[in-house]
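S.K.: Could you have a look at this structure, given as structure tokens, before my questions?
The values are calculated or read from the model by the stated rules, or taken from the named source; none is laboratory data. All values derive from a computational prediction rather than experimental measurement. We place every Cβ from the backbone using ideal geometry, glycine too, and count neighbours over all the protein chains shown.
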Amino acid sequence: MEQEMLLRTIANILDEKKAIDIRAFKVGHLTVITDYMLLASGRNILQAKALAEDVEDKMAELGVSLRTREGTREGRWIVMDYGTVLVHIFHPEAREYYHLEKLWSDGSNEIDLGLDASAED
């Protein structure tokens with residue numbers, strides 16, 4: 001699957017499951033670890049875990065393998081590695097504390113995902 005299509009597919013899965021504040025950044029020019037960062041939050045730990053499970057299940061159905069994941073047990077900050085896309089699913093307090101948007105944004109690299117439900121209600 002092409003990189004940006006992979007990013008948008010994962011973002012749509014998160015959006016369908018009511019993740020909040022879904023944001024994506026093209027970061028290949030800032031780091032060698034990945035090309036894209038996708039950030040989203042669950043409303044609580046249980047939702048964050050459910051979001052990660054749903055992404056993994058639906059991507060597997062599409063034949064896209066998850067390389068590795070971290071943080072599933074705690075559910076405060078879950079990282080899923082799809083190679084060219086790193087997915088970060090947060091509990092809202094952890095997201096506010098780590099504020100990865102500030103770390104990975106250079107002012108021009110945010111990708112408009114066109115998701116209506118990506119903003120918090």
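S.K.: Considering each residue of the stretch 101-111, count those that are part of a loop (DSSP other than H, G, I, E, B) and either in contact with an Asp or Glu (Cβ under 9 Å, 6 or more places away or on another chain) or loosely packed, with under 14 Cβ neighbours inside 10 Å (or both), and give that number.
M.R.: Residues that pass the stated criteria total 3.
S.K.: Counting only residues that are in a helix (DSSP H, G or I) and among the basic types (Lys, Arg), how many does the stretch 24-83 have?
M.R.: Summing the residues that are in a helix (DSSP H, G or I) and among the basic types (Lys, Arg) in the stretch 24-83 gives 2.
S.K.: Here is a further query. Going through the stretch 40-73 one residue at a time, which ones are surrounded by fewer than 17 Cβ atoms within 10 Å (Cβ to Cβ) and small (Gly, Ala, Ser)?
M.R.: 60, 63, 65 - these are the residues of the stretch 40-73 that are surrounded by fewer than 17 Cβ atoms within 10 Å (Cβ to Cβ) and small (Gly, Ala, Ser).
S.K.: On to the next question. Out of the residues in the stretch 74-100 that are closer than 16 Å to residue 7 by Cα and not hydrophobic (A, V, I, L, M, F, W, C), state the one that is surrounded by the most Cβ atoms within 10 Å (Cβ to Cβ).
M.R.: So, considering only residues that are closer than 16 Å to residue 7 by Cα and not hydrophobic (A, V, I, L, M, F, W, C), the one surrounded by the most Cβ atoms within 10 Å (Cβ to Cβ) is 82.
S.K.: Where the second residue is loosely packed, with under 15 Cβ neighbours inside 10 Å and in a loop (DSSP other than H, G, I, E, B) and the first is polar (S, T, N, Q) and modelled with pLDDT of 90 or more and lies in the stretch 98-120, which pairs have Cβ atoms under 8 Å and are six or more apart or on separate chains?
M.R.: Final answer for the pair search is 109/29.
Conditions tested, residue by residue: (1) in contact with a strand residue (DSSP E or B) (Cβ under 6 Å, 6 or more places away or on another chain); (2) touching a residue at least 24 places away in the same chain (Cβ under 8 Å); (3) among the aliphatic types (A, V, I, L, M).
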| position | (1), (2), (3) |
| --- | --- |
| 2 | no, no, no |
| 11 | yes, yes, yes |
| 29 | no, yes, no |
| 36 | yes, yes, no |
| 42 | no, yes, no |
| 56 | no, yes, no |
| 71 | yes, no, no |
| 78 | yes, yes, yes |
| 82 | no, yes, no |
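S.K.: Taking residue 22 as the residue in question, decide whether it is in contact with a Ser or Thr (Cβ under 6 Å, 6 or more places away or on another chain), under 18 Å from residue 115 (Cα atoms), at pLDDT 95 or above and surrounded by 14 or more Cβ atoms within 10 Å (Cβ to Cβ).
M.R.: yes
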